[in-house]
Structures are given as structure tokens and as C-alpha cells.
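S.K.: Handing you this structure, nothing more for now.
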Amino acid sequence: ARSQQRWAYRDRAWAGMDSSLAAAMNSNVWQWGQISSNFNVANTDKSRKSGIALVQNRPYLIFEQTLFRSQMRAGRVSISSTGCKVLHQDTFTEQLRAETLVQGVQDMQASINEERQHLAELNKTTTEAEAPAAQQHGGDEDELATLQDTIGQLERDIMLLERDIEAYGKSLESCDLRQAHNRKQLQQLQQQGTSLRDRQDQVSLNIYMAPKAGAERRKLEEQLTEVEEFVQANKNTRMTLLDQRAETDKEKQKILAQLANSRKQRERFQRRLDIVKDLSKSSKASSSGASDPLIKVLDKQCQEMSEYFSRRQSVGGESKDFLAAMKIHDADRAFLDQIEQKMKDVVDNVISNGTPERAERARLVNQMLVDMVNLRRSWCDMLQDRWASDGLDLSCFFEGSTKPSAADPREAGRRLRPSEGGDPPG
């Protein structure tokens with residue numbers, strides 16, 4: 001197209017912001033704009049020597065699909081065989097290497113696609129074969145899978161907490177090393193300051209005993225000035241080290257708090273992990289995990305909580321009125337207490353009538369429900385915090401009351417004392 005374009009333009013070519021060139025889907029090339037100002041179409045009328053000028057604001061077909069030439073190269077040229085890499089035509093070794101690599105990648109992709117298709121067919125066959133067994137067992141496998149997912153998540157959280165605890169331990173060691181270094185430097189500075197003050201006193205005494213005029217006195221005064229500078233530098237360095245020690249102490253206290261919090265969280269997650277592992281083992285040992293009454297009760301209570309709060313959000317969400325919001329929060333607390341009491345009744349029944357192993361399992365299940373109920377309570381308390389300022393507003397208690405007049409304090413005091421016949425305000 002570029003060669004044909006150069007041939008069409010002959011001697012001059014115009015290009016710029018007022019010119020346009022477009023290639024169609026069928027490889028036809030069109031041009032319009034200033035680029036067609038000096039472009040003349042060959043005239044078929046032999047009587048006219050000059051060509052026909054083009055209309056600049058209309059596209060003109062300057063190159064057709066049929067004008068492309070083919071079978072002009074001696075061999076096959078393919079840019080896809082070298083991965084669209086631009087190579088010098090004389091570097092045959094690099095071209096051969098690129099073609100080999102591209103062919104290897106294509107073979108690997110074809111092999112991967114075949115293996116994936118084969119695995120998909122195997123997975124489909126396995127799923128179809130296991131479908132009757134899955135329908136027979138009901139939701140047992142889903143429950144076991146949920147327990148395994150919970151175990152994996154808790155183990156991941158514990159691993160992250162252990163990593164944080166290890167990092168906090170290293171930070172504490174670093175703080176201890178810095179504190180030890182600061183103590184050593186402060187001790188050295190204290191000894192140095194003691195010797196400098198002794199030297200300062202000695203030089204001052206020598207100046208006092210030396211003659212008032214003379215080179216020896218001037219020399220002693222210079223020594224005293226130098227010693228005073230050292231004493232001041234010692235004080236400044238000691239103050240800097242004391243500030244560093246204070247900063248290190250603050251950092252150490254912060255790290256200790258974070259370390260204690262991480263250890264507490266790790267213990268809580270470890271207890272939950274033990275509970276879930278025990279439930280998983282019991283579910284695997286029994287013929288059906290869902291047949292366990294404790295698991296049924298736990299699942300039912302969790303569904304009731306989820307449906308209750310989902311229904312409350314879908315109905316109207318949080319109320320914009322303080323009294324209505326407080327009634328909603330009271331209903332939430334009563335509902336959570338009811339859920340907890342139902343589970344407690346079931347657990348007490350199992351503990352009183354079951355084996356020790358069954359009683360321990362009941363306690364673990366109850367602990368799981370208590371954790372979820374406490375989580376819901378925390379969420380309700382956070383929603384209630386937005387009404388803290390409204391809860392402290394006592395203006396409703398003074399509606400309709402009149403303020404005492406500031407002109408006569410004694411009269412105001414008598415109105416405020418019910419014993420003298422006055423009525424209390426409001």
C-alpha cells in the first residue's frame with residue numbers, strides 16, 4: 001500500500017492533521033482531505049492530457065484488494081513462526097532458534113489442552129458416578145467440607161499469629177539490645193563526666209592559684225574553656241541517650257501489648273480449632289454427621305440467627321428514631337438470650353443423661369454457639385454506639401418547664417424548694 005501510495009503521489013505528498021487515510025476490512029485503501037489536493041486521476045479520454053482532480057472532502061479508493069501481488073517470495077515467510085519477533089534477515093541461527101522455541105511452546109499448549117480435556121472428562125465421569133451416593137448421604141459431605149474449610153481457615157489464622165508473635169519477639173530482642181547499649185553508653189558518659197568535672201575543678205584551682213597576668217594563666221584559661229566544652233558535650237550526649245532510652249521504652253511497651261494481644265488471639269483460635277477438630281472427628285466416626293442431635297441443634301440455632309438478622313435488615317434496617325432503635329436493640333438482645341438459653345437446655349440434658357465423652361462434646365458445641373452469640377452481641381453494641389449522644393440528651397425531661405428568673409435569686413430559690421410551697425420545675 002505504501003509503494004502504491006508513493007506511486008500515486010508521484011512527486012509530492014501531503015499529510016497532517018487535515019488528511020486521512022483508511023484501510024478497509026477487505027484491504028481496500030481510501031484517502032480524503034488535504035492529501036488529495038494534488039492527486040489527479042488518470043483520464044480515459046485521450047483528447048485531454050491533464051488528469052481529473054479529486055474532491056477533497058470525499059473518500060477516494062486509491063488501492064484495491066486485487067492490486068496486491070502474491071507468490072513473489074522464494075520461500076514461505078511467517079511472522080507467527082518466530083513469535084512475531086523482528087529478526088535480521090542474515091541471522092539464520094536466531095531465526096531457527098526462535099522457530100524451535102515457538103514450536104515447542106505450541107506443542108506444550110496443545111498437550112496441556114488435551115490433558116485438561118481428558119481431566120474434564122474424568123471429572124465429569126467421577127461426578128456422575130458419585131452423584132447417587134451424594135444424594136443418599138444428604139448434606140453430610142457438605143457439612144464435613146464446611147468443617148474442613150473452617151479448620152483450614154483457623155490454622156491459617158494461627159499461623160499468621162505465630163508469625164506475628166515471632167516478629168514481636170525479635171523486636172523485643174532488638175529493644176533489649178538497644179537498651180543494653182544505651183545503659184553501657186550512659187555508664188561510660190557518667191564516668192567521663194565525673195573525670196571531666198574533676199579536671200574542671202583542678203584547672204579552676206590552678207587558675208585561682210596562678211598569677212593574674214602571664215602566659216601560664218592564659219594557658220590555664222584556655223584549658224578550662226576546652227574542658228567546659230567537653231562537659232557540655234557530655235551533657236548533650238547524655239540527654240540524647242536518655243531520650244533514646246525513653247523512646248525505646250515506649251516502643252517496648254507497645255510491642256509487649258501487641259504481643260500479649262496476639263498470644264491471646266492465638267489461644268482463642270486454638271480453642272476454636274480444637275473444638276472444630278473434635279466435631280470433625282466425631283462426624284467422621286459416626287455413620288452420618290447430620291444425625292448428631294447436637295450438630296442439628298447448633299445448625300438450627302445458627303440458621304435462626306442468620307434468618308432473624310437478615311429479615312430485620314430486609315424489612316427496614318436501622319431506624320432513624322432513638323426510641324424505635326432502642327426497642328429494636330432490646331428485641332435483638334432478648335432474641336440472642338433466647339437462642340443461648342435453648343442451647344443451654346439441650347446441653348444440660350446431654351450432660352445429665354449422657355456419657356462423659358458426650359458431655360464434653362456438648363460443652364464444646366455450646367462454646368461454639370456462645371462465641372457466635374457474643375459476636376452478634378458485639379455487632380449490636382457497635383450499632384448502638386451511634387445513639388450514644390441521643391442517649392445523653394435529657395431535654396425531653398425538661399419539656400414544658402420554665403427556667404427561674406435570674407433577677408431575683410431568692411425568689412428562684414423559693415420556687416425550687418417544695419417545702420416552702422413551690423412546685424419543682426417540670
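S.K.: I'd like the Karplus ³J(HN,Hα) series for segment 151-159: coefficients 6.51, -1.76, 1.60, θ = phi - 60°, whole numbers in Hz, and an x wherever there's a Gly or Pro.
M.R.: 4, x, 5, 5, 5, 5, 5, 5, 5
S.K.: Hey, another quick one. Given H placed 1.01 Å from N in the peptide plane, which residues other than close sequence neighbours of SER19 have an amide H under 5 Å from its amide H?
M.R.: GLN34
S.K.: Within 10 Å, count the other beta carbons around each residue, average over each peptide in 115-121, 97-103, 66-72, 296-302, and list them highest first.
M.R.: Averaged packing, sorted descending, gives the order 296-302, 97-103, 115-121, 66-72.
S.K.: Read phi for every residue in segment 333-350 and hand back ³J(HN,Hα) as whole Hz from Karplus 6.51 cos²θ - 1.76 cosθ + 1.60, θ = phi - 60°, with x for Gly and Pro.
M.R.: 5, 5, 5, 5, 5, 5, 4, 5, 5, 4, 5, 5, 5, 5, 5, 4, 5, 5
S.K.: Same structure again: Give the calculated FRET efficiency between ARG178 and ARG268 to the nearest 0.05, with a Förster radius of 41 Å applied to their Cβ-Cβ distance.
M.R.: Using R0 = 41 Å, I get an efficiency of 0.80.
S.K.: Still on this model: What is the set of long-range amide H partners of LEU54 at a cut-off below 5 Å, with H atoms built 1.01 Å from backbone N?
M.R.: Sorted by chain and number, the residues that satisfy this are PHE39, VAL41.
S.K.: Protein chains only, probe 1.4 Å: how do PHE230, PHE397, PHE322 rank by accessible area, largest first?
M.R.: PHE397, PHE230, PHE322
S.K.: Follow-up. Go through segment 57-68 residue by residue and turn each phi into a ³J(HN,Hα) via Karplus (6.51, -1.76, 1.60, θ = phi - 60°); whole Hz please, and just put x for glycine and proline.
M.R.: Result, rounded to whole Hz: 8, 10, x, 10, 7, 9, 8, 9, 4, 6, 7, 5.
S.K.: Could you work out the local net charge near HIS181, counting Lys and Arg as +1, Asp and Glu as -1, over the other residues with Cβ closer than 15 Å to its Cβ?
M.R.: Value of the local net charge: 0.
The values are calculated or read from the model by the stated rules, or taken from the named source; none is laboratory data. Since this is a predicted model, take the numbers as computed values, not measurements. Neighbour counts are summed over all protein chains in view; Cβ atoms, including those assigned to glycine, are modelled from backbone coordinates with ideal geometry. With ligands, DNA and RNA removed, areas are computed over all heavy atoms of the protein, side chains included. Shrake-Rupley method; radii C 1.70, N 1.55, O 1.52, S 1.80 Å.
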